[in-house]
Amino acid sequence: RRPTGTALRRGQAVWFDVGAVVDGYWCDIARVCTLGEPEERLARLYAAVLAGEEAALEQARPGMTGRELFDLTVAAVRDAGIPHYRRSHVGHGIGVEVYDRVLIRPDSTDELREGTVVNIETPYYEYGFGCVHVEDPFVVGPAGNRLLTTLDRGLLIAP
């Protein structure tokens, strides 16, 4: 999006979703930042989508289907505070293409394999409110997964 002259207000959120190609491989991350302390509702909604991403990072395992990972991720967001949360997908494989197999959708029978790089994302959009979104790639491992980003995944607050 092109910059504008619109000034940010204290507590206002800025959402960014950024992709890049490094040495022929795609990456994609998303975060929300606020100027000063966020409004309570924004912080609560962000915490819920972060809980969904964290559930996926902790529970994804080789042999799990995209549908299974979708179900547990969406359930975690709902349980953490957005009971009406709905998505057609919450992630995808990422690598030489921005959308590789495995698709993290309710109808996906694709299986996660050891070494699969999954880009997990749990955005929540609402008209009149905007968006809260966290997104990160991770590598699926047999005894735990490895996050590929180092940027803090919490709601970023600028003083």
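Shown here for the range 126-159: chymotrypsin sites (Phe, Trp or Tyr not before Pro) in loop regions (DSSP other than H, G, I, E, B) with at most 11 other Cβ atoms within 10 Å, namely Tyr127. Think of it as helices only: each DSSP H run of n ≥ 4 in the chain is worth -39500 (n - 2.57), and spread over all residues that comes to -7000 deg cm²/dmol at 222 nm. Averaged per residue, the range 1-143 has 54 square angstrom of accessible surface, using a 1.4 angstrom probe with ligands and nucleic acids left out. Here's the picture: a label point sits 7 Å out from the Cα of Leu156 along the beta-carbon direction, and within the range 5-21 the residues with their amide nitrogen under 11 Å of it are 14-18. When the charge dipole of the chain is built from unit charges on Cβ atoms (+1 for Lys and Arg, -1 for Asp and Glu) and taken about the Cα centre, the candidate among His84, Thr34, Ile120 whose Cα reaches farthest toward its positive end is Thr34. Averaged over residues, the count of other Cβ atoms within 10 Å places the peptides 46-57, 77-88, 139-150 in the sequence 46-57, 77-88, 139-150, highest first. In degrees from 0 to 90, rounded to the nearest 10, what is the angle of the helix 66-79 Cα long axis to the longest principal axis of the chain? Taking Cα atoms only, the helix is inclined about 30 degrees. When Rg and Dmax are taken over the Cα atoms of the chain, they come to 15.8, 50 Å. Close amide-amide hydrogen proximity is noted between Thr116 and Val140, each under 5 Å apart and 5 or more residues distant or on a separate chain (H modeled in the peptide plane; Pro and chain starts excluded).
Using a probe radius of 1.4 angstrom, the carbon and sulfur fraction of the accessible surface of the chain is 52%. Output the 0 to 90 degree angle, nearest 10, between the alpha-carbon long axis of helix 40-59 and the longest principal axis computed from the alpha carbons of the chain. Taking Cα atoms only, the helix is inclined about 10 degrees. Distance between the C-alpha centers of the range 1-25 and the range 102-131? Whole Å please. Value for the Cα centre distance between the two parts: 20 Å.
The values are calculated or read from the model by the stated rules, or taken from the named source; none is laboratory data. Just so it is clear, the structure is predicted and the values come from calculations on it, not from any experiment. Please note: Cβ atoms are built from the backbone with ideal geometry, for glycine as well, and neighbour counts cover all protein chains shown. Just so you know, the surface numbers come from the protein's heavy atoms only, side chains and all, with ligands and any DNA or RNA stripped out. Shrake-Rupley method; radii C 1.70, N 1.55, O 1.52, S 1.80 Å.
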